[in-house]
C-alpha cells in the first residue's frame, strides 16, 4: 500500500506551501485551510495540488538514500548508457502526469490503459514503474521543461 501524500504549489507566490490542509469541494475546486481570500480556491487558479505517485527514482544520494519521491508535475529523465557516444546525456525526459493514458508500443495502440501516474513515453513509463534508471531532474513549476 502506498503513502497518500500531496504537495501544493502557490502559483502567484511561486513557492511550495508547507503544513497545509485542503478540501476537495463537490465542484472539484480545491480549498486550502488557512490560506485566505482569493488564494483559497483553485478556480482562479492560485494553487496546484500534486499527488505522490508512490514511486521513487533510482538515484541514491545523501539527501535521498532511498531515492527521491516522484510527484505529479515532476520531470523525470533517463540517460544514454552503454557504448553510446552520448553516454551520460539525457535520452528521454517527460513530465509525470496523473490520469488515464492509453499505452502503445512502437507507435501501436493497444486496449491497455493506465489509470494513475504516467508519462507520455512507453519506455520511460516502464522504467518509472520498475524504479530503474530514472532520475527526478526537477518539476514544471520551477522552470524545468519536459
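The values are calculated or read from the model by the stated rules, or taken from the named source; none is laboratory data. As the structure is a prediction and not an experimental result, all values here were calculated from the model. For neighbour counting, all protein chains shown are included, and Cβ atoms are generated from backbone atoms with ideal geometry for every residue, glycine included.
Take the residues of segment 11-37 that are assigned to a strand (DSSP E or B) and modelled with pLDDT of 85 or more: which is nearest to the chain's Cα centre (by Cα)? Among those residues, the one meeting the criterion is 16. Screening residue 42 against (1) modelled with pLDDT under 80; (2) in contact with a strand residue (DSSP E or B) (Cβ under 6 Å, 6 or more places away or on another chain); (3) at positive phi leaves a single unmet condition, (3). Only residues that are at pLDDT below 80 and not in a strand (DSSP E or B) were counted across segment 111-130, and they come to 1. Looking at 102, 133, just one residue is surrounded by fewer than 17 Cβ atoms within 10 Å (Cβ to Cβ), more than 27 Å from residue 18 (Cα to Cα), touching a helix residue (DSSP H, G or I) at 6+ places or on another chain (Cβ under 8 Å) and at pLDDT 75 or above, and that residue is 133.
From the list 89, 66, 48, 72, pick out the single residue that is modelled with pLDDT of 90 or more, touching a strand residue (DSSP E or B) at 6+ places or on another chain (Cβ under 7 Å) and under 24 Å from residue 145 (Cβ atoms).
Working: 89 fails: modelled with pLDDT of 90 or more; 66 fails: under 24 Å from residue 145 (Cβ atoms); 48 fails: modelled with pLDDT of 90 or more.
Testing whether each residue is modelled with pLDDT of 90 or more, touching a strand residue (DSSP E or B) at 6+ places or on another chain (Cβ under 7 Å) and under 24 Å from residue 145 (Cβ atoms) leaves just 72.
Among residues of segment 8-24 that are farther than 11 Å from residue 141 by Cα, those with a beta-carbon under 7 Å from a residue that is loosely packed, with under 10 Cβ neighbours inside 10 Å at least six positions away or on a different chain give the pairs 21/33; 22/33.
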